[in-house]
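Inspection log for the structure reproduced underneath, given as structure tokens.
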Amino acid sequence: MDDALATLYTAHVTIQKLRYDRALSEAHFDNAVVFAGALHYQFVDDMSYPFKVNPQFKAWAPVTDNPNCFIVYTPGLKPKLLYYQPVDYWHKVAGTPTEPWVAKFDLIMLATPDDAKPHMPKGRTAFLGEWDERFAAWGDFTPNPEAVINSLDFDRAWKTEYEIVCLRLANERGARGHRAAEQAFRDGLSEYEIHLAYLRAADHVDEELPYGNIIALNESAATLHYYHHTRPRFDESKLYSFLIDAGASYNGYASDITRTYSRRKDEFQSLIDAMDVMQRGLVDAVAPDVNYIDIHLLAHRGVADLLHEFRFVRDLDADGIVERRISSTFLPHGVGHLLGLQVHDVGGFMANRSGKTIAKPDGHPWLRLTRVVEPGMVFTIEPGFYFIDSLLAELKASDNAKYIDWDRIDAFHKYGGIRIEDNVLVTDTGRENMTRNAFAHVS
Ligand code: GLY
Ligand code: MN
Ligand code: MN
């Protein structure tokens, strides 16, 4: 962490404390203990799963790879960081952290997980993280009290300056990976090889990715969460398209970026270009006090326009297409979600810090964000347009089948689909497209 980021981190910890002070006092707790999490082992095996830190822990400290650590916070007191450093010659143990951010904590080293016990606070304590029965004897703990979690989740939608810089840097890492992946696609490499090119350029191993890379050639792009990395290359004559949804991490903050490419300058490329214009339009619609549901509905309108313009639908204009919900066959997911410590960040439906929620609009069950957006919030804008067999079969069996040009749909089937996904920060005057800026930086 350089000096400039360390300064922003100091302010971030102050905001973190204020959020905890409010959440704890409103729920009548004296303290919070935030557990990083424990390692978990595969069934009948001594191999652990990759460690994934509790997001509430990494909100306090940029420590993402060390289990059995705790933050102990009592309002008004300096927080403690209980830092796990066992004697272990089988594994590499965490080094003693010495970077400037450590000064925000009283650092206490733990040689065993249970060495944490004497450092636990007195009084009513909100325990945040994975609960284990042995903790019950460590203090007056309430595991994951809803009132505290709701309050913290609600606040988490507004990113601190420190978090915004981390998210920009996660976008730059991701953009580097995406550039290399595009080149690998242009070179005719396999999904597996493109994945490796991405990892190298993003400076990640798989476990450091915020989510599994989606690297889809041809019709695999129609599988929304396609996690295969097929080894063989396609023959040039049978290679048509490439959809890559891949992010990167920086100090535990995630980017979430999708691009789609055509192998040739063909009609699919024209559809990608039209989607790109549409996606930019959605981003331009982001501003303080805009209802995110309206952006989602605007995306459906955009897909309907393209269904009409590219003649997939006949005898209906865009309004008719939306009215008959035909756009949902081609855009069957939400237009985006909050982003931050988790790729699908928490709190997307919250009306207030008490946990009241804002309903999704009828017919849009997969939307993950229904809040009115405000400066400091970060989310994705990711419209899609796919040719998905099961959804097309439903459409074909419906009353709407008569409006569809099935020959044209068949002609596009081999491309799978399109998604274009950027990470957007709401500013006082509009928005910052972190992803497009990152691509401009790294090229
Ligand atoms: N990468 C998962 C998503 O876009 O939501
Ligand atoms: Mn994505
Ligand atoms: Mn996303």
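This table checks each residue for (1) in a loop (DSSP other than H, G, I, E, B); (2) more than 15 Å from ligand 3 (Cβ to nearest atom); (3) at negative phi; (4) not charged (D, E, K, R).
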{"site": "363", "(1), (2), (3), (4)": "yes, yes, no, yes"}
{"site": "369", "(1), (2), (3), (4)": "yes, no, yes, yes"}
{"site": "394", "(1), (2), (3), (4)": "no, yes, yes, no"}
{"site": "412", "(1), (2), (3), (4)": "no, yes, yes, yes"}
{"site": "441", "(1), (2), (3), (4)": "no, yes, yes, yes"}
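Scoring residue 63 on the criteria (1) touching a helix residue (DSSP H, G or I) at 6+ places or on another chain (Cβ under 8 Å); (2) of a type in the set (Val, Ile, Thr); (3) over 28 Å from residue 155 (Cα atoms) leaves a single failure, condition (3).
Remark: pairs (first residue in segment 367-387, over 17 Å from residue 299 (Cβ atoms); second residue more than 10 Å from ligand 3 (Cβ to nearest atom) and basic (Lys, Arg); Cβ separation under 6 Å; 6+ apart in sequence or on different chains) = 376/159; 378/159.
This table checks each residue for (1) crowded, with 21+ Cβ neighbours inside 10 Å; (2) within 27 Å of residue 26 (Cα to Cα); (3) free of Cβ contacts under 8 Å to residues at least 24 places away in the same chain.
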| residue | (1), (2), (3) |
| --- | --- |
| 120 | no, yes, no |
| 133 | no, yes, yes |
| 179 | no, no, no |
| 183 | no, no, yes |
| 203 | no, no, no |
| 208 | no, no, no |
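Residues that are outside any strand (DSSP E or B) and not acidic (Asp, Glu) within segment 104-122 comprise 104, 105, 111, 112, 113, 116, 117, 118, 119, 120, 121, 122, listed in sequence order. For residue 367, the criteria (1) under 20 Å from residue 433 (Cα atoms); (2) within 16 Å of ligand 1 (Cβ to nearest atom); (3) out of contact with any strand residue (DSSP E or B) (no Cβ under 6 Å at 6 or more places or on another chain) hold in every case but one, which is (1).
With respect to residue 376, determine if the residue is of a type in the set (Gly, Ala, Ser), farther than 19 Å from residue 243 by Cβ and surrounded by 22 or more Cβ atoms within 10 Å (Cβ to Cβ). Reasoning before the result, please.
Working: of a type in the set (Gly, Ala, Ser): yes; farther than 19 Å from residue 243 by Cβ: yes; surrounded by 22 or more Cβ atoms within 10 Å (Cβ to Cβ): no.
No.
What pairs can you find where one residue is in segment 211-239 and closer than 20 Å to residue 344 by Cβ, the other is at pLDDT below 95, and their Cβ atoms are less than 6 Å apart, with a gap of 6+ or different chains? Here the result reads 212/227, each pair linking segment 211-239 to a residue that is at pLDDT below 95. Residues considered: 277, 286. Of these, the only one that is of a type in the set (A, V, I, L, M, F, W, C), part of a helix (DSSP H, G or I) and at pLDDT 95 or above is 277.
The values are calculated or read from the model by the stated rules, or taken from the named source; none is laboratory data. The structure presented is a predicted model; accordingly, all values stated were derived computationally and were not measured. Cβ atoms come from the backbone with ideal geometry, glycine included; neighbour counts cover every protein chain shown.
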